[in-house]
1. Check whether at least one residue in region 51-70 is among the hydroxyl-bearing types (Ser, Thr, Tyr), in contact (Cβ under 8 Å) with a residue 12 or more places away in the chain, crowded, with 18+ Cβ neighbours inside 10 Å and under 26 Å from residue 174 (Cβ atoms), and report yes or no.
2. Mind counting the residues in region 134-151 that are touching a residue at least 24 places away in the same chain (Cβ under 8 Å) and surrounded by fewer than 16 Cβ atoms within 10 Å (Cβ to Cβ)?
3. In region 162-211, what count of residues is obtained for those that are surrounded by fewer than 17 Cβ atoms within 10 Å (Cβ to Cβ), over 22 Å from residue 84 (Cβ atoms) and β-branched (Val, Ile, Thr)?
4. Within the set of pairs 6 or more residues apart or between chains, which connect a residue that is farther than 21 Å from residue 160 by Cα inside region 102-131 to a residue that is part of a loop (DSSP other than H, G, I, E, B) and open to solvent by less than 60 Å² (accessible area, probe 1.4 Å) with Cβ atoms less than 6 Å apart?
5. Name the one entry in 88, 129, 102 that is open to solvent by 40 Å² or more (accessible area, probe 1.4 Å) and in a helix (DSSP H, G or I).
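The values are calculated or read from the model by the stated rules, or taken from the named source; none is laboratory data. Worth saying up front: this structure is predicted, and the values here are computed from it rather than measured. Note that each Cβ is placed from the backbone with ideal geometry, even for glycine, and that neighbours are counted across all protein chains shown. When the accessible area is computed, the model is the full protein with side chains, heavy atoms only, and any ligands, DNA or RNA have been set aside. Shrake-Rupley method; radii C 1.70, N 1.55, O 1.52, S 1.80 Å.
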Amino acid sequence: MTNDIQERIKRLIIDQRLRSGAPLPTETELMELLGVSRNSVREALKALQAMGLVEIRHGFGTYVGPMSMAPMIEGLIFRTVAGHYRGEDSLLELLELREAVETGLIARLAGRIPEADLAELDAVVRRMEAEAAEGSVRAETDRAFHAALYGSLDNSLLSEVLEAFWDAFHRVRTDLVDVPTDPKVTCKQHREILESVRSGDALRAEGAIRDHFGNIRIRLRSAHRE
């Protein structure tokens, strides 16, 4: 019953083309509209809130939620951590998922990234190089590079999925494994990715991405053996 009510509320949001932050009908109105009890409505709304689809503001009402990737990120993190403690290579699996997505996209970008985005990527790599000179490249800088790299695809859902994979991988990696890094290698690999897409050489760009993830994979496996 609760699942059925959830689906009907989701259908209501879709049919009425409600955006994030838009108010939903009150509990009483939902009871009348759906022909169900108050408890059934509340249980369905709580479940939808856990998925980020609605937001319950006590004393104010219920609103369409942000529909973010947060539940997906938390699910990926939990699955990866649980698998790690069962002795599985779950962190490597998550890395391979990121690699598969980014390798599949990079050829589409070769020679097609706008000059403004190339300039932003140049600035990020220079920041990486400055940080490397001080001893390490910050995770936020690495994240900024990958976000800028795919920004010109103008696909908000894709951007959110990539962010979710990146966030889940780095949060879990930081908690589970102390992975040694060479900041100079990190800079060199990101510079090669940038120059390959700038040149328009799709095969070179794909190779640069594979080299980047291959290096991370080797370091992860080394850390696991220690």
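1. First, pick out the residues of region 51-70 that are among the hydroxyl-bearing types (Ser, Thr, Tyr): 62-63, 68.
With the extra rule that they be in contact (Cβ under 8 Å) with a residue 12 or more places away in the chain, the set shrinks to 62-63, 68.
Cutting the leftovers down to crowded, with 18+ Cβ neighbours inside 10 Å gives us 62.
Filter again for under 26 Å from residue 174 (Cβ atoms), leaving none.
Checked against the condition, which is being among the hydroxyl-bearing types (Ser, Thr, Tyr), in contact (Cβ under 8 Å) with a residue 12 or more places away in the chain, crowded, with 18+ Cβ neighbours inside 10 Å and under 26 Å from residue 174 (Cβ atoms), region 51-70 yields no hits at all.
2. Number of matching residues: 3.
3. Counting residues in region 162-211 that are surrounded by fewer than 17 Cβ atoms within 10 Å (Cβ to Cβ), over 22 Å from residue 84 (Cβ atoms) and β-branched (Val, Ile, Thr) gives 1.
4. Pairs that qualify, where the first residue is farther than 21 Å from residue 160 by Cα and the partner is part of a loop (DSSP other than H, G, I, E, B) and open to solvent by less than 60 Å² (accessible area, probe 1.4 Å), are 110/200; 111/200; 128/137; 131/137.
5. 129
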